[in-house]
Structures are given as C-alpha cells and as structure tokens.
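J.: Once you've had a glance at the structure underneath, I'll fire off some questions.
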Amino acid sequence: MTSAATPSHDDHDHDDHDHDHEHIGPPPVPPPGPIAQSVAIGFRVVYAATLLLIIVWLVSNIREIPSDSQAVVTRFGRIVRTQASGLLIAWPRPIEQVQLLPGPQRLLSQNIAALAPPSDKAQALIGAPAAQGAQAQAVSPYLTGDGNVLVLSASLIYRITDPIAYALAESHVAPALDRLFRATTVRVTAGRGLNEFLVVETGDEQEADDAARPVAALRGEVREALLTAMNDRLQSLTDSAAPLGIAVERIDMTAYLPPDAKTAFDAVLLASQAADRGVAMARTDAERRRQEAARERERLLSAAQATAKELISKANVDTLRISALEQEATPQTRGSMIMREYRNGVADIVGRTSVTVVDPQSGARFILPGSQQ
C-alpha cells in the first residue's frame, strides 16, 4: 500500500522530460516600448499626410471657370486646348498650367500712351490739355489735312476673339495697340480737316446747336474710320501669322486745341461774340425804330383820314343849300335866286364885321358893331 502511494523514479524522469520539451524554440517577441510606438504612429501620420497631399495635388487643377472668363491649358509649355466657362479638369502642375483670360463677351480698355516729346516746344504744344485738367490721359499731337495741329487722347475698347493667339502675344498687345492706333490716326487725320474733330463754340446757342449736329455726324464718321482702319490692321497681322487675338469694338476719343491755337480761337470767339452782340443790338434798335415808325404812320394815317372825313362832312354841309338851290332853280328863276342868295350872303358877312367910321373934320369916331354870331 505504501509503495503505491509514493511516486516512482521513472515518473520523476518523465515529468522532467516534458518540462524540457515545452521550452524548445525561439523566445517570444517582447512587447514594443514607448519610443517604438511613437515612431510607428509618426510614420502612419506621414503616410496619411502624403496620401492626402497627393490627392490634393491631383485635383489642384480641377476648377470652375467663371461665366465672364475662359481658360487656356498648356502642357509642359505647349498649348493643348482652351476651355470656356464651366468645369475644367486638367492635370496638376507642373504637368499642365491653366491661364485664365477674359471671356469673348467681356470688354477690355486701354488708354493710348503718348510718346515722349522730342523738344521743349513739342512739350509746350501738348502741355495745355493736361494743365487744363481735362483728362488724366496722355495726349499726342497730330497734323490735319488743312494744316492745323490737333491734340488727341484716346481709349480703345476691345475684346478677345482668339484666346490662343492672345495668350501667346499677351505681353505684346498693349504696345502693338499703341503703335497701330498712332499709325492709323496719322493716316486718318491727314485726310480730314480740323472742323471734323472739333466743335468751335459761338455766342449764339441756336447757331451752336445747328453747327453741332453736322459736326457730330462728322466726328462719328471719323471714329468709324479709325475703328475700321484699326481692325483692318489687326486682320493684316493675322494674315501675316502674327495675330493678337483681339478685335477693337469702340474708340473713345477727345480732341483739343494746342495752347497757342486755343488762345487765338478764344480771341476770335470773343471778337465774334462782341460782333454778334453789336449786330443783335443794331437789329434790336432797327426793329424798335421800325415799330415806332409804323406806329407813327398809323397815327398820322388815322388822323388824316379823320380830318378828311371831317372836312368832307363840313363841305357837304356847306354845299347842301347850294345843291338844294341848284335842284330847285329853273332857267327863268336862276338869276333872281342867285341875286337873292348874294344879298343874303353879303348881309351875313356885313353882320359879322365891325366898321369904324372916322370924321376927318372933327376926329370923332363911330363904331358900328356887327353881329357876334
């Protein structure tokens, strides 16, 4: 009974062999420390950030083109396409570049720059408009066909018709427009007179309005001629494989007189106004005298007509008795009727006179008064 309860030596050897068998193989990996965990987290953040940056870079050239704009897309410096308003999908930079340009319906403006005057005299020639504060734009002198000097300032209103050509020549558009406008204006002004550019003011507003209407039409023709010539020159550049990709829509132009010419024009204007005032005063005085003469004529004519009517009435009254006697007289009674009227007439005359009788012997005077009728 005792031997059965106590383990044998063979059992102890078997347990030791099983324990040694469990420890065979590589040791287990120890858990990572705090530094290793921090490094792993950092790498994960870097991976996520890099992935996010790649996504942002890939969609960086996906944009919306505004309704008043258009886009030119270049791939490694070469223009590959254009895009109107709407959604644009392009490869990210530097693979593709997107250049935004104004749309074809959007109008652009450029003031024509003035050339530097070659001398002080030329500077004095064009210095007056700036001194008068008419505009802040640059002005340039031009010679008209009638031998006068005209100072002009202008603004060109244009739009983009070919975005590819405009994108290639964008840096040359402004100086090219300046040159084209100067060349065109020299040709146009040389074929026209000063009055087609300026409206000379007068003292009479009605005459000024009447003169302004045809001159305004002439100025419209000048602008139209400049506009047509400018677009013809732009078309010539296009035909010669050097297009600017634009078309001029309108030319806003203001004309001035040089200082010396303006002084002379002002003097002529003052003299004309003085002459017009003198003529107006003379016409007013002449009209006043004419009206006074007409009124005096009417008065004299009315008085003469009234006097004539009165004299005629009196003559009719005075001759009424004679006319009646003439109608009553017969050849037999004519002599006696004439004698009777004679006596009545003499008696009436004597009755209206007073007679003074003087006695030559005594000097006595007798006054026989007549009738006081």
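J.: Scan the stretch 135-186 residue by residue and report those that are part of a strand (DSSP E or B) and among the hydroxyl-bearing types (Ser, Thr, Tyr).
T.: Ser140, Tyr142, Ser153, Ser155, Tyr158
J.: Among the listed residues Leu53, Leu100, Leu125, identify the single one that is in a helix (DSSP H, G or I) and modelled with pLDDT of 90 or more.
T.: Just one listed residue meets the conditions, Leu53.
Listed here are the residues, each with its yes/no results for (1) open to solvent by 90 Å² or more (accessible area, probe 1.4 Å); (2) in contact (Cβ under 8 Å) with a residue 60 or more places away in the chain; (3) not hydrophobic (A, V, I, L, M, F, W, C).
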{"residue": "Gln273", "(1), (2), (3)": "no, yes, yes"}
{"residue": "Arg288", "(1), (2), (3)": "yes, no, yes"}
{"residue": "Ala315", "(1), (2), (3)": "no, no, no"}
{"residue": "Gln332", "(1), (2), (3)": "yes, no, yes"}
{"residue": "Ser336", "(1), (2), (3)": "no, no, yes"}
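J.: In addition: What number of residues within the stretch 70-99 are touching a strand residue (DSSP E or B) at 6+ places or on another chain (Cβ under 7 Å), loosely packed, with under 14 Cβ neighbours inside 10 Å and within 17 Å of Ser60 (Cβ to Cβ)?
T.: 2
J.: Take the conditions farther than 30 Å from Met337 by Cβ and either touching a Phe, Trp or Tyr at 6+ places or on another chain (Cβ under 8 Å) or open to solvent by less than 70 Å² (accessible area, probe 1.4 Å) (or both) and apply them to Ala306. Does it pass?
T.: Yes; evaluated as a whole, the condition is true for this residue.
J.: Check Ile367 against each of (1) open to solvent by 100 Å² or more (accessible area, probe 1.4 Å); (2) modelled with pLDDT under 85; (3) in a helix (DSSP H, G or I) and name the one condition it does not meet.
T.: Ile367 satisfies all of (1) open to solvent by 100 Å² or more (accessible area, probe 1.4 Å); (2) modelled with pLDDT under 85; (3) in a helix (DSSP H, G or I) except (3).
The values are calculated or read from the model by the stated rules, or taken from the named source; none is laboratory data. Here the structure is a predicted model, which is why all the values come from computation and not from measurement. Every residue, glycine among them, receives a Cβ derived from its backbone with ideal geometry; neighbour counts consider all protein chains shown. With ligands, DNA and RNA removed, areas are computed over all heavy atoms of the protein, side chains included. Shrake-Rupley method; radii C 1.70, N 1.55, O 1.52, S 1.80 Å.
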